[in-house]
Amino acid sequence: MTSGADLGRDGVRGALALGRREMLVWLAVALLCQQLFAVPAASLEAYLGELQSHLASKSIFTYVAWVAVFSLIADSARQAPARTSDVVLLLAVIASGVLTARSVPWLAMTASAAYFMVRDRTDIKLSAAGAVMLALALNGFWGPRLFEFFAYYLLQADAALVGAALSATHTGVQWSETIIGASNEHSIIVYGPCSSFHNISLGLLCWVALTKLARPRWVKADIFVGLAVVATVIALNASRLYLMALGAESFEYWHVGTGQQIFAWATTLSVLVISLYGALRVGRTS
């Protein structure tokens, strides 16, 4: 007869017989399913509808990051055998899928990113994949939690930037904490969704993903590219808030009208251009 312990050891040995790259691909698949496809619904029809909405709500930068994760894992060492710790992490991630707390997938992502970056420092491709996974976790979970903690100060900073620009170009500007306006008839309140912080985390996700796709190693000049992404996002967001504060018609145009789409595309394209420049040009000259 075969005992349960023997079966367990045989299972682990069978898993370890897999290549490490294949094992980590399955780990990434498990994380991807938790992030994109674990949508609660009462029926298959409801699930398909919720899934469509869920996938459509994700930024293109999120999908670029996942492409980077799988590409980097696929390019990692081919002959390295799987480790026991790889199996334990994979099983832990799969088991965490039964938990319903919204934080669980992000905690699994964070733990996996740390594992890749600390445990796999000798395999630069896997370390780079861990950096992208960490950027995903920061954008999707840790960043919003940080924003909740510092929201008041971050919104005040946005309002101060816009208020200063309005004061320099218009007379009679009203500006108090997060309330700003260019006239007595019209003013706006800068609140959560208006903050540049959200687009900064998305922009940095794009920057990390494209940089790691182009070259797995960081160079010193990369920090300036990241700062350029942050500065551009802040400038574009402040420009939009500035225009929204000018009057009711301008507010409608830039808040919910065509201007909102112009802003979204301008931000996306600017971040892409800067990130691509940094990934393809900075690495060659550093």
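FYI, it's all coordinate maths here, none of it is from the lab. Computed from a predicted model, the values in this text were never measured in an experiment. Note that we place each Cβ from the backbone using ideal geometry, even for glycine, and neighbour counts take in every protein chain shown.
Phi-derived couplings, Karplus 6.51 cos²θ - 1.76 cosθ + 1.60 at θ = phi - 60°, listed residue by residue for segment 113-118: 4, 4, 4, 4, 7, 8 Hz, with x used for Gly and Pro. For the chain, the residue among Ile180, Trp106, Ala264 whose Cα projects farthest onto the positive side of the dipole built from Cβ charges is Trp106. Among 132-144, 89-101, the peptide with the highest mean count of other Cβ atoms within 10 Å heads the list, and the full ranking is 132-144, 89-101.
Read through the labelled values (i) 159; (ii) 167; (iii) 132 and report the label of the one computed as volume of the Cα convex hull per residue in Å³ from the structure. Among (i) 159; (ii) 167; (iii) 132, the one calculated here is (i). Ranking Met23, Gln52, Phe150 by Cα position along the charge dipole of the chain, where only Lys, Arg, Asp and Glu carry charges on their C-beta atoms, puts Met23 farthest toward the positive end.
Pick out, in residue order, every one of the trypsin sites (Lys or Arg not before Pro) in segment 190-286 that is DSSP loop and has at most 16 other C-beta atoms within 10 Å; say none if there are none. Intermediate results must be reported in sequence, preceding the final value.
Numbers: sites: Lys212, Arg217, Lys220, Arg240, Arg281, Arg284; in loops: Arg217, Lys220.
Of the trypsin sites (Lys or Arg not before Pro), the ones in loops of segment 190-286 whose Cβ has at most 16 other Cβ atoms within 10 Å are Arg217, Lys220.
A cut-off of 5 Å between modelled amide H atoms, ignoring neighbours fewer than 5 places along the same chain, links Ile188 with Ile180, Gly181.
Using θ = phi - 60° in the Karplus curve 6.51 cos²θ - 1.76 cosθ + 1.60, the 3J(HN,Hα) couplings for segment 74-87 round to 5, 8, 6, 3, 7, 8, 5, x, 5, 9, 4, 5, 4, 5 Hz; x is entered for Gly and Pro. Across segment 258-275, coupling constants 3J(HN,Hα) worked out from phi with the 6.51/-1.76/1.60 Karplus curve, θ = phi - 60°, read 4, x, 5, 5, 4, 4, 4, 5, 4, 5, 4, 5, 5, 5, 4, 4, 5, 5 Hz, and Gly and Pro carry x.
Simple rule: put +1 on each Lys or Arg Cβ and -1 on each Asp or Glu Cβ in segment 141-286, find the dipole, and look at Ile189, Pro216, Val162; the Cα lying farthest toward the positive end is Pro216. Under 5 Å between amide hydrogens, built in the peptide plane, is the criterion, and for Ser76 it picks out nothing among residues at least 5 positions away or on other chains. Here segment 141-286 is assigned +1 on the Cβ of each Lys and Arg and -1 on the Cβ of each Asp and Glu. Its dipole about the Cα centre then comes out at about 1020 debye. Placing +1 on each Lys and Arg Cβ and -1 on each Asp and Glu Cβ, with no other charges, gives segment 132-225 a dipole about its Cα centre of roughly 640 debye. Between Ser112, Ser250, Ser53, the Gaussian network model of the chain with springs among Cα atoms under 10 angstrom shows the greatest mean-square fluctuation at Ser53. Simple point charges give the picture: +1 on the Cβ of Lys and Arg, -1 on the Cβ of Asp and Glu, and for the chain a dipole about the Cα centre of about 1300 debye.
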